[in-house]
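Since the structure comes first, as structure tokens, the remarks are kept for the end.
The values are calculated or read from the model by the stated rules, or taken from the named source; none is laboratory data. Remember, predicted model here, so these are calculated numbers, not experimental data. In this analysis, Cβ positions are derived from the backbone assuming ideal geometry, glycine residues included, and neighbour counts consider all displayed protein chains.
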Amino acid sequence: MNPRRVAAFTIATFLMICSADSLAQTGFERWARSPEGQKKLIKRFPQVDKDGDGRLSDKEIESIKSMREKQAKRRNRGNGGGPGKLEAINTAGKRATYSNVKYGDHANNVFDIWLAESDKPTPLVIFVHGGGFRGGDKSKAYSDRAIVEYLEAGVSFATINYRFRDQDPRGIMACMLDSVRCLQYIRSRAEEWNIDKERVGCYGGSAGAGTSLWIGFHDEMADPDSDDPVLRESTRISVVGANGTQATYDMIQWRDILELRLSEEEERAALQRLADLYKVDSVEALHSPEVLKRRKEYDMLGMMDKDDPPFYAENNMKGGVPEAGDKGHINHHPLHCVALLKRAKEVGLHDCHIEARALAVKHGKHPEETMVEFFLRHLATEK
């Protein structure tokens, strides 16, 4: 298959999936009626084209919308997100000090926390699970030896849930802001829980990795004048970790980051999907002042500066051009890490550890350092 067409298909597929909530409200019907949309939908849902004429009627498009909504509901029921069904026990058999603590109004706004034993306030590490902002659960961390390693080093550990992107019209922004509020909530109870507010790290995988970078590189989001004491707490952190991350959620940049080569027609089709995502009427409007401002709020790369916390990022998938439909490859391609390293060098953020093995990239002051070791060093503890 032509690599350019493969790239166009994969990036278009990713954009369609990542913006399903927005497309459902503004652009899905328009795309579904286009020749390209009709072709892809018939391939994905052949049973809907009952007369076999290769065209979808309005009624048939509505039928597809209904099926997609049912699939989303099944995903949400099966992928956790709310109070955990599994008991919060780590690999050493130690139960969380507190489980399913509520930090917000949404049903998914819960977290578990293991408090390290110490006479002095302890550092804290927060884990944000992945799942494409559509699924996943805080229990992902239970089987990770990292919890035990942090606790043995005198570091408390929290793992959090957040709402999914199809549960809020703000999409992934709502997911990321949930993680921010959880960070602030835990800080608001720092004295009670013997936590050092000034030594907090955040890491995750995939969507959780991107969220962690977004929090780490974002300017202070605390509102000192808020009536809610939680929102007065700082959102700045000491160290960031990202495993299988995306470099930015301003996805217009992905063409250059992933070195995709698209024809004029293919590029315009991908940009049209982005126009749907940002709820604008044309591709040209993507570069309007209003939309540029909105895109910046999703752009971790653009937010990064020399005063941001040290970060550890690793994407260990293969390189090369992703195959058609391989969303996992394009979402976690090692070139995302290369983009992070390039930006860090540009802004002078020198303390970072970057691994992209398929591209022979390994950068950092201590090349053999694990993420846990990197965190402990920056949280000023001894392992």
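Hey, among the residues in region 231-257 that are of a type in the set (A, V, I, L, M, F, W, C) and touching a His at 6+ places or on another chain (Cβ under 6 Å), which one's surrounded by the fewest Cβ atoms within 10 Å (Cβ to Cβ)? Quick ask: steps written out before the conclusion?
Let us first name the residues in region 231-257 that are of a type in the set (A, V, I, L, M, F, W, C), namely 231, 237, 239-240, 242, 247, 251-252, 254, 257.
Then keep just the ones that are touching a His at 6+ places or on another chain (Cβ under 6 Å); that gives 239, 247.
Working: Val239: 25, Ala247: 28.
Only one residue tops the list, namely Val239.
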Problem set entry | Pairs, first touching a residue at least 12 places away in the same chain (Cβ under 8 Å) and assigned by TED's automatic domain parsing to the domain that holds Gln38 in region 248-269, second hydrophobic (A, V, I, L, M, F, W, C) and surrounded by fewer than 17 Cβ atoms within 10 Å (Cβ to Cβ), C-beta under 8 Å, six or more apart | Arg268/Val283
Seminar exercise, completed: The number of residues in region 306-328 that are surrounded by 14 or more Cβ atoms within 10 Å (Cβ to Cβ), touching a residue at least 60 places away in the same chain (Cβ under 8 Å) and either out of contact with any Phe, Trp or Tyr (no Cβ under 7 Å at 6 or more places or on another chain) or of a type in the set (Lys, Arg) (or both) is 11
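Go through the residues of region 265-281 one by one and say whether even a single one is surrounded by 15 or more Cβ atoms within 10 Å (Cβ to Cβ), at pLDDT 90 or above and either part of a loop (DSSP other than H, G, I, E, B) or among the polar types (S, T, N, Q) (or both).
No, because not a single residue in region 265-281 is surrounded by 15 or more Cβ atoms within 10 Å (Cβ to Cβ), at pLDDT 90 or above and either part of a loop (DSSP other than H, G, I, E, B) or among the polar types (S, T, N, Q) (or both).
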For this session: Output the number of residues of region 97-131 satisfying the condition of being within 17 Å of Asn161 (Cα to Cα) and part of a loop (DSSP other than H, G, I, E, B).
Result: 11
Exercise. Within region 117-126, is even one residue within 18 Å of the chain's Cα centre (by Cα) and assigned by TED's automatic domain parsing to the domain that holds Ile186?
Worked result: yes
Seminar exercise, completed: Condition set in a loop (DSSP other than H, G, I, E, B) and among the charged types (D, E, K, R), scope region 37-91, selection modelled with the highest pLDDT: answer is Glu87
Exercise. Does region 329-368 hold any residues that are in contact (Cβ under 8 Å) with a residue 12 or more places away in the chain and small (Gly, Ala, Ser), and which are they?
Worked result: Ala339, Ala344, Gly348, Ala356, Ala358, Gly364
Exercise. From the list Gly364, Gly319, which residue is over 27 Å from Ala146 (Cα atoms) and either in contact with a helix residue (DSSP H, G or I) (Cβ under 9 Å, 6 or more places away or on another chain) or assigned by TED's automatic domain parsing to the domain that holds Asp219 (or both)?
Worked result: Gly319
For this session: May I ask you to list the residues in region 197-217 that are crowded, with 19+ Cβ neighbours inside 10 Å and outside any helix (DSSP H, G or I)?
Result: Arg199, Val200, Gly201, Cys202, Tyr203, Gly204, Gly205, Ser206
